[in-house]
Amino acid sequence: MDISVFSEKKQNLIDVINCALNKTDIIDQERESLNALLDVVNQYTYKNRLQKKGFLSHFIIDSLDVGYSYGENFIKFDNEIS
């Protein structure tokens, strides 16, 4: 995965989170989970991607209460890091 692909996929995930956070019918627990997810995604850089690989997936599975559709996309991103 080159830097442009990584950056594009990361930005797409950030956009998904921001879109979800802008919904008016979001409950507080989901808002907290999405903010935590945004913090984790923002920790990923192209330089540290290999060291971080797997952290996002474990964080989603072990710690967050987000919908399956969100989790699936973020885990896919994490798994595709190379």
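The values are calculated or read from the model by the stated rules, or taken from the named source; none is laboratory data. If you're wondering where the values come from, they're calculated on a predicted model, not measured in any experiment. Glycine gets a Cβ as well: all are built from the backbone with ideal geometry, and neighbour counts include every protein chain shown. Accessible surface areas use protein heavy atoms only, side chains included; no ligands, DNA or RNA. Shrake-Rupley method; radii C 1.70, N 1.55, O 1.52, S 1.80 Å.
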When the range 36-54 is checked residue by residue, the ones that are in a loop (DSSP other than H, G, I, E, B) and either more than 12 Å from ILE81 (Cα to Cα) or of a type in the set (Gly, Ala, Ser) (or both) are GLY54
Name the one entry in ASP25, ASP78, ASP62 that is out of contact with any helix residue (DSSP H, G or I) (no Cβ under 7 Å at 6 or more places or on another chain), in a helix (DSSP H, G or I) and not basic (Lys, Arg).
ASP62
Any residue that is in contact with a Gly (Cβ under 7 Å, 6 or more places away or on another chain), surrounded by 13 or more Cβ atoms within 10 Å (Cβ to Cβ), in contact (Cβ under 8 Å) with a residue 12 or more places away in the chain and acidic (Asp, Glu) - is there at least one of those in the range 27-43?
no
Given the criterion assigned to a helix (DSSP H, G or I), at pLDDT 95 or above and of a type in the set (Ser, Thr, Tyr), identify the matching residue among SER57, SER33, SER4, SER69.
SER4
Residue check for LYS9: open to solvent by 80 Å² or more (accessible area, probe 1.4 Å) and charged (D, E, K, R):
no
Here the residues within the range 48-82 that are surrounded by 12 or more Cβ atoms within 10 Å (Cβ to Cβ), over 21 Å from LEU21 (Cα atoms) and in contact (Cβ under 8 Å) with a residue 60 or more places away in the chain are GLU80, ILE81
